[in-house]
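Data block below; observations after.
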Amino acid sequence: MSTRDEIASLLYLLDDPDDFVRNSVIQRFEEFNAASIPLLDEFRATSKNQAERQVLDDVLLKLTFPSLETDFLNFIEGGIMSYTELEAAVLMLSRIDDPTLREELYIRKLDRLADEIRSEISYTLQPLRQLKLVMKHIYEQHGYTPAKQEYYKPTYAHLHRVLDGKSGIPLTLAFIALFTARRLELPLSGVNMPVHFLMRYDFDTQVVFLDPFNSGETVTMNDCLNFLKRHNIRPEQAYFSPAHPVQMLLRTMRNLNNSYTREGDALRAERVQVLITHLELTYGGNPAAEN
């Protein structure tokens, strides 16, 4: 088992100019086992050196991934049919980014987001008024915004990062709204439109489409059709229907895989692909466009 002194010495040697020494350090870290996770995590939490943190992140991911893979397999085999299960699965994926992440902290963040507006929603009977209150609460009062720079960074594709940084791509911003609406029992659902994920709000016999990347503003069917036309995509009914939670989970995972690939992070791209394969084998390779 590794010791505190050994880890400190190995991290010190990471700055050695000799490639052989640095490679030997990495090799030694590769030999650590799961019993070393608490110490490694402690060093990672206190380190201010980016190179050290990256090495520790990678080592922790390799050590914890077998547990994540088992948890993910058990979870998807139990079925992903609701937004409650989708939320749990999406937060489980956050362990690719932060192997020792406490998912319950982010569940509580979403709980608070809904609780802050619950009474106001309860006293408002008009469906459209309720919808506007939720969108204003998320985008104006809490300041969630679209990622404008470095759009494809994994930071914007991980739900926990968006909850922390309040900036994301259409799908992760939609998750903030969808998971808040679920807690408030409002009929908001995801729409798996190619290239640009949307939301829809169903009430009475009406449907309102919303753009999570534009403060939840409403979009018309003509807007959607023109968008598809500009991207040379033939419209299909499925592009406007409520998306199944598995579709949204698969889309999330493909976004993450693409993001890590663009970053040149082969370790995390490969781990995400392993989980994608498990999901596709369990539910079938249902195509899902990115973002």
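Any read-out appearing in this document is the output of simple, stated calculations on the displayed coordinates, not a laboratory observation. Bear in mind the structure is a predicted one, so any value in this text is a computation, not a measurement. Positions of Cβ are backbone-derived with ideal geometry, glycine not excepted, and every protein chain shown enters the neighbour counts.
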_Added length on full extension, which subtracts the Cα-Cα distance from 0.36 nm per residue, LYS148 to LEU267_ = 40.2 nm
*Expressed as an acute angle from 0 to 90° and rounded to the nearest 10, what is the orientation of the C-alpha long axis of helix 245-263 relative to the principal long axis of the chain?*
50
*Based on other C-beta atoms within 10 Å, arrange PHE29, PHE20, PHE209, PHE197 from fewest to most.*
PHE20, PHE209, PHE29, PHE197
_Taking every alpha carbon pair in the range 4-63, what does the distance histogram look like in 5 angstrom bins from 0, in percent?_
4, 20, 35, 28, 11, 3, 0
*Arranged by the count of other C-beta atoms within 10 angstrom, fewest first, what order do SER122, SER189 take?*
SER122, SER189
_Angle in degrees between helix 83-97 and the longest Cα principal axis of the chain, rounded to the nearest 10_ = 30
*For the chain, with a Gaussian network of springs between Cα atoms less than 10 Å apart, report the residue from LEU128, LEU279, LEU171 with the top mean-square fluctuation.*
LEU128
*Using a cut-off of 9 Å between beta-carbons, work out the net charge of the residues near SER215 (Lys and Arg +1, Asp and Glu -1, SER215 not included).*
-2
*Please say if the range 79-283 is rounded, prolate or oblate, where rounded means a/c under 1.5 for a ≥ b ≥ c the square roots of the C-alpha gyration tensor eigenvalues, and otherwise the choice is prolate for a/b larger than b/c and oblate otherwise?*
oblate
*Evaluate the distance, in nm, between pseudo-label points positioned 7 Å from the Cα of ASP15 and of GLU42 along their respective Cα→Cβ axes.*
2.2
*asked:* Pick from ALA181, ALA243, ALA45 the residue whose mean-square fluctuation is largest in a GNM of the chain, springs joining Cα atoms under 10 Å.
replied: ALA45
*Relative contact order [Cα under 8 Å, 6+ residues apart], the range 188-237, whole percent*: 20
_Acute angle (nearest 10 degrees) that the helix 19-30 long axis makes with the longest principal axis of the chain, alpha-carbon atoms_ = 70
